[in-house]
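Engineer: Sending over a structure as structure tokens; questions will come in a sec.
The values are calculated or read from the model by the stated rules, or taken from the named source; none is laboratory data. Since this is a predicted model, take the numbers as computed values, not measurements. Positions of Cβ are backbone-derived with ideal geometry, glycine not excepted, and every protein chain shown enters the neighbour counts. In case anyone asks, the SASA skips ligands and DNA or RNA and just uses the protein heavy atoms, side chains included. Shrake-Rupley method; radii C 1.70, N 1.55, O 1.52, S 1.80 Å.
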Amino acid sequence: MGRRVVPLTLDNLSDLPNTCRSCVFWELDPVSGRDAQDAGKGELEKEGWISAVLLEWGSCGRVAYVDDRPAGFVLYAPPAYVPRGQSFPTSPISPDAVQLMVSRVLPDFQGQGLGRVLVQSVAKDLVRRGFRAIEAFGALGREVPSCVLPADHLLAVGFKTVRPHHRYPRLRLEARTTLSWKEDVEGALERLLGGRRTEPALRPF
């Protein structure tokens, strides 16, 4: 089974699920986002947002493929590009971090560790660009908004709570620590298997 993770661009935006392509929960402030959805312009606004971030800041997402089938994706950007984040009670995102907005693994591919792989790909990108960490607003409780990552999932892939809250804690993952963990696991497996490389067993996200 071959899998790869590539940058999100306007060319592969269509590989995201339909509901995610038209969702602008993070990309617009609450009022503008609601207006865009009501007017049926969510997908157009999403494309415009990604285009602007690509031009001004650079890569803001990753898409995972398994045997050339879209399997999951992740979106991230500096907080200046994520208006909705300012309305959370545990904002703002730290100045040395980038906000993880959304991470999704499609149902057919869950349980294969792709969620952690996506987060690691973000960490690698951010270290190269001079950022120290990834932060995200997690959700606690029975009713978790579809566009806010459950705090339990963030904790499972290595995030730590930096600002507690009964509903929307803010969590942080140090980018270099994440990459060191990945390298240590791969190195140990390579020694164990006598030099034959394989992918580490990763927890589902």
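Engineer: Tell me, what is a quarter of the convex hull surface for the C-alpha atoms of segment 11-131, in nm² with one decimal?
Structural biologist: Values: hull surface 32.3 nm².
For the Cα atoms of segment 11-131, the hull's average projected area reads 8.1 nm².
Engineer: Take each of the peptides 24-34, 139-149, average the number of other beta-carbon atoms within 10 Å over its residues, and list them starting from the highest.
Structural biologist: In descending order of packing, they fall as 24-34, 139-149.
Engineer: Between helix 175-192 and the chain, what is the angle of the helix's C-alpha long axis to the longest principal axis, kept within 0 to 90° and rounded to the nearest 10?
Structural biologist: Approximately 30 degrees, to the nearest ten.
Engineer: Also: Pulled fully out, how much extra length does the chain show between ALA39 and LEU106, if you take 0.36 nm times their separation in residues and subtract their Cα-Cα distance?
Structural biologist: Details: separation 67, 0.36 × 67 = 24.12 nm, distance 2.74 nm.
Gain on stretching ALA39 to LEU106: 21.4 nm.
Engineer: To continue, here is another question. Expected output is a single nm value to one decimal: the length gained when fully extending between ALA156 and ALA52, i.e. 0.36 nm times separation in residues minus the C-alpha distance. What is it?
Structural biologist: Details: separation 104, 0.36 × 104 = 37.44 nm, distance 3.21 nm.
Roughly 34.2 nm would be gained on extension.
Engineer: Send over a whole-number figure in Å² for the accessible area per residue of the chain, probe 1.4 Å. Before the final figure, lay out each step's value.
Structural biologist: Values: 10450 Å² over 205 residues.
Heavy-atom SASA per residue in the chain reads 51 Å².
Engineer: Give the Rg/Rh ratio for the chain, taking Rg as the radius of gyration of the Cα atoms and Rh as the Kirkwood radius, to two decimals. Could you put the intermediate results ahead of the total?
Structural biologist: Details: Rg = 16.9 Å, Rh = 17.6 Å.
A ratio of 0.96.
Engineer: What part of the accessible area of the chain, given as a whole %, is carbon or sulfur when the probe is 1.4 angstrom? Before the final figure, lay out the partial values.
Structural biologist: Details: 5360 of 10450 Å².
Answer for the chain is 51 percent, counting heavy atoms of protein chains only.
Engineer: Still on this structure, please answer the following. Tell me, what is the Rg over Rh of segment 54-105, with Rh the Kirkwood radius over Cα pairs? Don't skip to the end; give the middle numbers.
Structural biologist: Numbers: Rg = 13.2 Å, Rh = 12.4 Å.
Radius of gyration over Kirkwood radius for segment 54-105 works out to 1.06.
Engineer: Order these peptides, 39-48, 152-161, by their mean beta-carbon neighbour count within 10 angstrom, highest first. Intermediate values should be presented prior to the final figure.
Structural biologist: Details: 39-48: 15.3, 152-161: 17.8.
Most protected by this proxy first, the peptides run 152-161, 39-48.
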